[in-house]
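Data block below; observations after.
FYI, it's all coordinate maths here, none of it is from the lab. Predicted model only: the values in this text are computed from it and were never measured. Here Cβ is always computed from backbone atoms with ideal geometry, including for glycine, and neighbour counts include all displayed protein chains.
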Amino acid sequence: MLQVKSGQLDKLGLLYERHKHKLFGFFFKMNADRQLSEDLVQTVFERILKYRESFSDKAHFVAWIHRMAINVNNDFYRKHSKMRTDSGVDLLSNKESNDQNVDTKIGLNEQQRQLRKAMNMLSKDKKELLVLSKYQGLKCSQIGEMKNMSEVAVRVNIHRALKELKTAFFKLENE
């Protein structure tokens, strides 16, 4: 990233190849929409190019790029919720049917479907923490750097999110 920052823009392709799958996984876990996830990955790399000067060699690149991904995801939903309010049409209303299509395509078993539903019942922040820590494999220190939280606070919030996920999962199981 320091080379991209210094003007060697061809190195951005190498960063893209190294990180596109992890970013896609993050967006897909957050949105369950393949096309949207691909578009958001592209947006992240556009922003990396645009804001390359803001990268500090003291920052951990993985934390920096995931912070950018979180911002891209939040910006997308903020923009579309405003459009939904202005137009009176819910642009994201097919989310649940989209989740079912995804589940069918990848052949998830019933427990995996319930886990997906339980994840979707969590607040955006809790879901984000679980995706970053459990699916993306980021360390608590990296997540803390992204979210301006101490490592201990990240651990506590992940623990609380897991408890809430467990409760939601068993609630769905008993329905």
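Key figures for this structure:
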| quantity | calculated |
| --- | --- |
| Out-of-range pairs (alpha-carbon distance over 30 Å; input 20/124; 22/124; 79/166; 50/139; 58/163; 50/166) | 79/166; 58/163; 50/166 |
| Cleavage-rule hits (trypsin sites (Lys or Arg not before Pro)) in the range 1-62: DSSP loop, at most 14 neighbouring Cβ within 10 angstrom | 58 |
| Residues 66, 80, sorted so that the one with the fewest Cβ neighbours within 10 Å comes first | 80, 66 |
| Estimated distance in nm for a label pair at residue 39 and residue 10, the labels positioned 7 Å out from Cα along Cα-to-Cβ | 3.3 nm |
| Length added when fully stretched, residue 152-residue 110, from 0.36 nm per residue minus Cα-Cα | 11.7 nm |
| Range of Cα positions in the range 108-175 per principal axis (Å), largest first | 38, 20, 15 |
